[in-house]
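Below is one structure, written out as structure tokens; the observations come after it.
The values are calculated or read from the model by the stated rules, or taken from the named source; none is laboratory data. All figures in this text were calculated on a predicted structure; none of them were measured in a lab. Positions of Cβ are backbone-derived with ideal geometry, glycine not excepted, and every protein chain shown enters the neighbour counts.
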Amino acid sequence: MRRNSLALAALALVLQPAAALAQPLATEQVVRIDTAAREALETTGIPSVQVAVVRDGELVYTKAWGKASETIPEATPALPYQIASNSKQFLAALLLMLENDGKLDLDDKVSKWLPELPGGERIAVRQLLSHTSGLQDFWPQDYSFQAMEQPVEPMDIVRRWGFKPLDYEPGTRWQYSNTGYVVAGIIAERAGGAPLWKQFEERIFNPLGIRPYAIDDTNGAAFPQGYHRNALGPVRPAKPAAHGWLWAAGELSMTAEELAEWDIARINRTLLPKEDWEEMERPVRLADGTSNGYGLGVYTRTVNGRRAVNHGGESVGFLSQNTVWVDDRVAVVVLTNGDFAGVQEDLTDKIAAIVLPKAQQADIGETGREADARATLAALRAGKLDPAKFTDNARYYFSAETLGDYSQSLAPLGTLTAIEILRPPRLRGGFVNRVYKLKFAKKELTLITYAEPGAQGRWEQFIVTP
């Protein structure tokens, strides 16, 4: 494990980004990312942000903005930021590797490895990784509590929180639990026969060519400093937790570029067998068949038709977001040294909109019909319905009650300042589907329509929604 006494100059030399990045972004895309990052810092007060972008399975962009600490006035891409719970996916990967070695089975009961844990005979190792174990989370707060001022050992956490009665029967509910990952880290050490950090270095970090730090080793003058804000008060340096509190549950500090290298391994299905990556990303089902999308150390969700594998991280003074669109071979990493404002998520969304491949839509020869939609909306706001412009189904939908609700709720919004079609028209069920954004002075709404083909096609659906 490296120590924070290493000189910053040596750190910069080791972690200097590659001189030539493959397939660079277009100038216009770089400008848009730069603008979004600067605006995020200016509007929120977050001291700094570090970004990495992967496209076509290769690193194409990395940059940092703002102030890294009181002693490092300028953030750089070479500085490691605390990624906290983004570390969980690394521990999940290590346990899968140990399973491949025959040293454990994810379906082993925890009692096999930690017999002193009450209720361990009811918990499977994989339930620790999927947050379905029933173990009470030791850190649900978004601040460090009093006990975190004193150093702690992993078994101290387990004895204080893990020895409590289970919050629920394992596998029946989902509840985020850092305690579960501390237990998983202890099991990894016992099964692997070596300290957790040593296993990380030998099996993950060295093969990837990255050199992360332990979080506890980065609470010093040579590294980015975490910041906090109380309500809308001044941005202040945050006091880090004492040694040991994030062990196994979120113990890594690394650059955005290094986390992107991990994402590239996920995209290319290297380092681990393809089946292991898929197992990590497969949402776990509860006893009742439901799922919230969490697998083993990561979420997998479909957003706007794209499958995204992601996780966030929070330590005292730091927030991070790591999102991988595996099928699109794109990843976005956003690291910040402020534990407020949510910049990591907002900036991820903005960068994704810039770098993700545009969805391919076949040209079906239909226009946006914005003027028709505007005119129809104006009539409905006035409580009027022209039957000739609607199909039988649509006329049925617009009963006297529905028409009254449309008029009474939409008329007070005032002037419609803009109507914008959100994507090219597409076919469904024999109709042309169009979705619009409606902009009023103080409100934005969505209009979802279906219409018969052609410029004069009657409306089959004309629904306004928040």
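The residues of the stretch 252-300 that are in contact with a Pro (Cβ under 8 Å, 6 or more places away or on another chain) and in a loop (DSSP other than H, G, I, E, B), listed by number, are Thr255, Leu271, Ser291, Asn292, Gly293, Gly295. Please specify each residue of the stretch 409-466 satisfying the condition of being over 26 Å from Ile364 (Cβ atoms) and small (Gly, Ala, Ser). Matches in the stretch 409-466: Ser409, Ala411, Gly414, Ala441. Taking the stretch 183-226 as the range and being part of a loop (DSSP other than H, G, I, E, B) and within 23 Å of Val316 (Cα to Cα) as the test, the residues that pass are Arg211, Pro212, Asn219, Gly220, Ala221, Ala222, Phe223, Pro224, Gln225, Gly226. Somewhere in the stretch 130-143, is a residue modelled with pLDDT under 95, farther than 22 Å from Gln89 by Cβ and either within 28 Å of the chain's Cα centre (by Cα) or surrounded by fewer than 17 Cβ atoms within 10 Å (Cβ to Cβ) (or both)? Scanning the stretch 130-143, I find at least one residue that is modelled with pLDDT under 95, farther than 22 Å from Gln89 by Cβ and either within 28 Å of the chain's Cα centre (by Cα) or surrounded by fewer than 17 Cβ atoms within 10 Å (Cβ to Cβ) (or both), so the answer is yes.
Restrict the check to the stretch 21-44 and report whether at least one residue is under 21 Å from Leu208 (Cα atoms) and either assigned to a helix (DSSP H, G or I) or touching a residue at least 40 places away in the same chain (Cβ under 8 Å) (or both). It would help to see each step written out before you state the result.
In the first step, residues of the stretch 21-44 are kept if they are under 21 Å from Leu208 (Cα atoms); the result is 21-23.
Within this subset, residues satisfying the condition of being either assigned to a helix (DSSP H, G or I) or touching a residue at least 40 places away in the same chain (Cβ under 8 Å) (or both) are 21.
Yes, because at least one residue in the stretch 21-44 is under 21 Å from Leu208 (Cα atoms) and either assigned to a helix (DSSP H, G or I) or touching a residue at least 40 places away in the same chain (Cβ under 8 Å) (or both).
Of the residues making up the stretch 149-184, those that are among the small types (Gly, Ala, Ser), surrounded by fewer than 21 Cβ atoms within 10 Å (Cβ to Cβ) and under 16 Å from Trp113 (Cβ atoms) number 0. Here are the criteria: (1) surrounded by 14 or more Cβ atoms within 10 Å (Cβ to Cβ); (2) free of Cβ contacts under 8 Å to residues at least 24 places away in the same chain; (3) out of contact with any Gly (no Cβ under 7 Å at 6 or more places or on another chain). Tell me which single one Thr300 does not satisfy. In the conditions (1) surrounded by 14 or more Cβ atoms within 10 Å (Cβ to Cβ); (2) free of Cβ contacts under 8 Å to residues at least 24 places away in the same chain; (3) out of contact with any Gly (no Cβ under 7 Å at 6 or more places or on another chain), Thr300 misses (3) alone.
Which of the residues that make up the stretch 161-182 are within 25 Å of Gly317 (Cα to Cα) and out of contact with any strand residue (DSSP E or B) (no Cβ under 9 Å at 6 or more places or on another chain)?
Trp161, Gln175, Ser177, Asn178, Thr179, Gly180, Tyr181, Val182
Checking each residue in the stretch 104-131 for being outside any loop (DSSP other than H, G, I, E, B) and in contact with a Pro (Cβ under 8 Å, 6 or more places away or on another chain) picks out Arg122, Ala124, Gln127.
Take Gly134 and tell me if it is assigned to a loop (DSSP other than H, G, I, E, B), touching a residue at least 24 places away in the same chain (Cβ under 8 Å), more than 20 Å from Thr218 (Cα to Cα) and of a type in the set (Gly, Ala, Ser). It is true that Gly134 is assigned to a loop (DSSP other than H, G, I, E, B), touching a residue at least 24 places away in the same chain (Cβ under 8 Å), more than 20 Å from Thr218 (Cα to Cα) and of a type in the set (Gly, Ala, Ser). Taking the criterion of being farther than 30 Å from Leu271 by Cβ and charged (D, E, K, R), the residues of the stretch 85-144 that qualify are Glu116, Glu121, Arg122, Asp142.
Might you let me know whether the stretch 422-435 holds any residue that is farther than 28 Å from Lys358 by Cα and not in a loop (DSSP other than H, G, I, E, B)? The answer is no; no qualifying residue exists. Residues in the stretch 77-103 that are assigned to a loop (DSSP other than H, G, I, E, B) and either on the phi > 0 side of the Ramachandran plot or surrounded by fewer than 21 Cβ atoms within 10 Å (Cβ to Cβ) (or both): 5 in all. State whether one or more residues within the stretch 444-465 are modelled with pLDDT of 95 or more, under 27 Å from Ile33 (Cα atoms) and either touching a helix residue (DSSP H, G or I) at 6+ places or on another chain (Cβ under 9 Å) or assigned to a loop (DSSP other than H, G, I, E, B) (or both). Taking every residue of the stretch 444-465 in turn, none turns out to be modelled with pLDDT of 95 or more, under 27 Å from Ile33 (Cα atoms) and either touching a helix residue (DSSP H, G or I) at 6+ places or on another chain (Cβ under 9 Å) or assigned to a loop (DSSP other than H, G, I, E, B) (or both).
Got a sec? Which of Asn322, Asn310, Asn337 is in contact with a Pro (Cβ under 7 Å, 6 or more places away or on another chain), buried (at least 20 other Cβ atoms within 10 Å of the Cβ) and of a type outside the set (Lys, Arg)?
Matching residue, one of Asn322, Asn310, Asn337: Asn337.
Criterion first (at pLDDT 95 or above, assigned to a helix (DSSP H, G or I) and not β-branched (Val, Ile, Thr)) does Leu335 satisfy it? Considered against the rule, which asks whether it is at pLDDT 95 or above, assigned to a helix (DSSP H, G or I) and not β-branched (Val, Ile, Thr), Leu335 comes out as no. Applying the criterion of being of a type in the set (A, V, I, L, M) and without any contact (Cβ under 8 Å) to a residue 40 or more places away in the chain to the residues of the stretch 202-234, the residue that is surrounded by the fewest Cβ atoms within 10 Å (Cβ to Cβ) is Ala231. Checked against (1) loosely packed, with under 15 Cβ neighbours inside 10 Å; (2) touching a residue at least 60 places away in the same chain (Cβ under 8 Å); (3) within 23 Å of Ala188 (Cα to Cα), Pro237 passes all but a single condition, namely (3).
This table checks each residue for (1) among the hydroxyl-bearing types (Ser, Thr, Tyr); (2) in the same structural domain as Gly185 (by TED's automatic domain parsing); (3) within 15 Å of Asp263 (Cα to Cα).
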residue: Leu41; (1), (2), (3): no, yes, no
residue: Gly45; (1), (2), (3): no, yes, no
residue: Val53; (1), (2), (3): no, yes, yes
residue: Gly57; (1), (2), (3): no, yes, yes
residue: Thr62; (1), (2), (3): yes, yes, yes
residue: Glu70; (1), (2), (3): no, yes, no
residue: Ile83; (1), (2), (3): no, yes, yes
residue: Phe90; (1), (2), (3): no, yes, yes
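Candidates are the residues of the stretch 360-394 that are in contact with a Ser or Thr (Cβ under 9 Å, 6 or more places away or on another chain) and surrounded by fewer than 18 Cβ atoms within 10 Å (Cβ to Cβ); the one that is farthest from Gly404 (Cα to Cα) is Asp386.
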